[in-house]
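Engineer: What follows is a single structure, and I will ask about it in a moment.
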Amino acid sequence: MDTKLKAPRYCLQCDDGAILEHGVRDITLTVHGVKYTVPGISGWHCPKCGECEFDPGEGKRHSAELDQMIRDRQAREIRAIRKKLGLKQSEAGALFGGGVSAFSEYERGKTQAHKSTLLLFRLLDTHPELMRELTL
Ligand SMILES: [Zn+2]
């Protein structure tokens, strides 16, 4: 398909008539303060704001790859904090809920920890002395 013969596509996010460019680009997003880059996304990209109108199938692929990156990062974070707190996976599951295999699944990226578990872990990462309050 010769895209040059088609009418220009305008960015729906920019109000000043920015024209989208078709191509393959890396897309970087910030989620909960962390930057993630999904490489090689085909679609119509805005050179001003970075928005993208995905080509067929690319939105799904982008979403799946981004979700996996977030899960992998969360898995590493939970594992690091659990080890810092000196807990076995089974002990963490008993204390924070989810059962014996919950932390094994979180740390392999099989499932995501509940947001409250992640927030509590981050709190304990900064204030490990609070573990005393939980285990008494
Ligand atoms: Zn734009």
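The values are calculated or read from the model by the stated rules, or taken from the named source; none is laboratory data. On a predicted model such as this, the values are computed, not experimentally measured, just so you know. Backbone-built Cβ (ideal geometry, glycine too); neighbour counts: all protein chains shown.
Engineer: How about region 25-40: which of its residues are polar (S, T, N, Q), over 15 Å from Gln68 (Cβ atoms) and away from the ligand (no atom under 16 Å from the Cβ)?
Structural biologist: Selection gives Thr30 alone.
Engineer: Can you tell me which residues in region 88-107 are of a type outside the set (Lys, Arg) and outside any helix (DSSP H, G or I)?
Structural biologist: Passing the criteria: Gly97, Gly98, Gly99, Val100, Ser101.
Engineer: If I filter region 34-42 for residues that are within 20 Å of Leu123 (Cβ to Cβ), in contact with a helix residue (DSSP H, G or I) (Cβ under 7 Å, 6 or more places away or on another chain) and modelled with pLDDT under 95, do I get at least one hit?
Structural biologist: Yes, there is a match, as at least one residue in region 34-42 is within 20 Å of Leu123 (Cβ to Cβ), in contact with a helix residue (DSSP H, G or I) (Cβ under 7 Å, 6 or more places away or on another chain) and modelled with pLDDT under 95.
Engineer: When the residues of region 44-62 are narrowed to those that are within 27 Å of Gln74 (Cβ to Cβ) and part of a strand (DSSP E or B), which ends up farthest from the ligand (Cβ to nearest atom)?
Structural biologist: Among them, the one singled out is Phe54.
Residue-by-condition table, conditions (1) within 16 Å of the ligand (Cβ to nearest atom); (2) of a type in the set (Ser, Thr, Tyr); (3) in a helix (DSSP H, G or I):
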residue: Asp16; (1), (2), (3): yes, no, no
residue: Gly23; (1), (2), (3): yes, no, no
residue: Ser42; (1), (2), (3): no, yes, no
residue: Gln74; (1), (2), (3): no, no, yes
residue: Gly86; (1), (2), (3): no, no, no
residue: Gly109; (1), (2), (3): no, no, no
residue: Arg122; (1), (2), (3): no, no, yes
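This table checks each residue for (1) within 24 Å of Val34 (Cβ to Cβ); (2) outside the structural domain of Gly33 (by TED's automatic domain parsing); (3) loosely packed, with under 14 Cβ neighbours inside 10 Å.
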| position | (1), (2), (3) |
| --- | --- |
| Lys88 | no, yes, yes |
| Ala102 | yes, yes, no |
| Gly109 | yes, yes, no |
| Leu118 | yes, yes, no |
| Leu123 | yes, yes, yes |
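Engineer: Name the residue that is farthest from Asp67 (Cα to Cα), counting only residues in region 1-14 that are exposed (fewer than 14 other Cβ atoms within 10 Å of the Cβ) and more than 9 Å from the ligand (Cβ to nearest atom).
Structural biologist: Once the filter is applied, the top-ranked residue is Leu5.
Engineer: Taking region 17-35 as the region of interest, how many residues are farther than 29 Å from Arg73 by Cα, in contact (Cβ under 8 Å) with a residue 12 or more places away in the chain and either loosely packed, with under 10 Cβ neighbours inside 10 Å or not hydrophobic (A, V, I, L, M, F, W, C) (or both)?
Structural biologist: Looking only at that region, the number is 2.
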